[in-house]
Amino acid sequence: MNFEMDRPSVTRRVVREDIEWCDVWIPHLNEHGLPRVLLIGDSITRAYYQKVERILEGQAFVGRLTTSRSVGDPALIGEVSAVLSQTKFDVIHFNNGMHGWGYSEEEYETYFPEFLESIRQNALEARLIWASTTPVRTAHKLDEFHARTQRVELRNAIAACYVQARGIPVNDLCALAKIEHYTDDGVHFNTTGSDFQAKHVASAISTVLW
């Protein structure tokens, strides 16, 4: 796998969903007594965010950038750059892989480096943690994995190659989510599942806070 940013010039496809959204929440902006953490992800990250914030209360200020934009969409790079250019973060826990199904895994591999570099270049001093994308289950039979989980695992493998090559630790939420489904629709997690994830996310962040 080629880890260089220079790639052959190609016409870039931009794939959008019918509804795109972005939710940014940066609390305690004028306080500076604790390290500052940013969670980057999607609606799954947004669901466990508040519990992570509670667990790390007194240890860090925790913000979020959650979005439906996917690797391959230049708008994702714009959102990341906009947030990181305005606030300094000490730790960034990030994920992207559940949206953008109109992009192939080959395109995911092509454009993942620019996503990673947009974080690194805008937060040079931050410690990074990559979170693997969680599996998808069949909505009407939750003990079975949906065929899309194969694509999730391919994307996780692609991302792992890039982040591990740069010494970035992996928080394997995918493996954790395979133990118990904790989901009602096959994709999103119920309260028990989000709390379960939050504990592991907070633990991973705590190991690099100081």
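Looking only at residues in the stretch 143-177 that are of a type in the set (Gly, Ala, Ser) and over 21 Å from Glu107 (Cα atoms), the one that is modelled with the highest pLDDT is Gly167. For the stretch 33-51, the criterion of a residue being free of Cβ contacts under 8 Å to residues at least 60 places away in the same chain, more than 16 Å from the chain's Cα centre (by Cα) and surrounded by fewer than 21 Cβ atoms within 10 Å (Cβ to Cβ) is satisfied by at least one position. Here Ala47 meets each of (1) part of a helix (DSSP H, G or I); (2) farther than 25 Å from Thr192 by Cα; (3) among the small types (Gly, Ala, Ser) with one exception, condition (2). Answer yes or no: is there a residue in the stretch 174-184 that is touching a residue at least 60 places away in the same chain (Cβ under 8 Å) and within 16 Å of the chain's Cα centre (by Cα). No, there is no match, as no residue in the stretch 174-184 is touching a residue at least 60 places away in the same chain (Cβ under 8 Å) and within 16 Å of the chain's Cα centre (by Cα).
Tell me, please, whether a residue that is assigned to a helix (DSSP H, G or I) and within 22 Å of His200 (Cβ to Cβ) can be found in the stretch 25-39.
If we filter the stretch 25-39 for residues that are assigned to a helix (DSSP H, G or I), which is where we start, we get none.
Within the stretch 25-39, none of the residues are assigned to a helix (DSSP H, G or I) and within 22 Å of His200 (Cβ to Cβ).
A Cβ distance below 8 Å, combined with a sequence gap of six or more or placement on separate chains, defines the contacts here; from the stretch 63-87, residues that are on the phi > 0 side of the Ramachandran plot reach residues that are assigned to a loop (DSSP other than H, G, I, E, B) and not aromatic (Phe, Trp, Tyr) in the pairs Gly72/Arg13; Gly72/Val14; Gly72/Val15; Gly72/Gly100. Looking only at residues in the stretch 118-142 that are in a strand (DSSP E or B) and modelled with pLDDT of 95 or more, the one that is surrounded by the fewest Cβ atoms within 10 Å (Cβ to Cβ) is Arg127. Does Phe115 qualify as being out of contact with any helix residue (DSSP H, G or I) (no Cβ under 6 Å at 6 or more places or on another chain) and in a loop (DSSP other than H, G, I, E, B)? Taking the combined requirement at face value, the residue does not satisfy it. Within the stretch 178-207, the residues that satisfy the criterion of being over 16 Å from Asn96 (Cα atoms), out of contact with any Leu (no Cβ under 9 Å at 6 or more places or on another chain) and of a type in the set (A, V, I, L, M, F, W, C) are Ile179, Phe189, Ala198, Ala204.
The values are calculated or read from the model by the stated rules, or taken from the named source; none is laboratory data. Computed from a predicted structure; not experimentally measured. Every residue, glycine among them, receives a Cβ derived from its backbone with ideal geometry; neighbour counts consider all protein chains shown.
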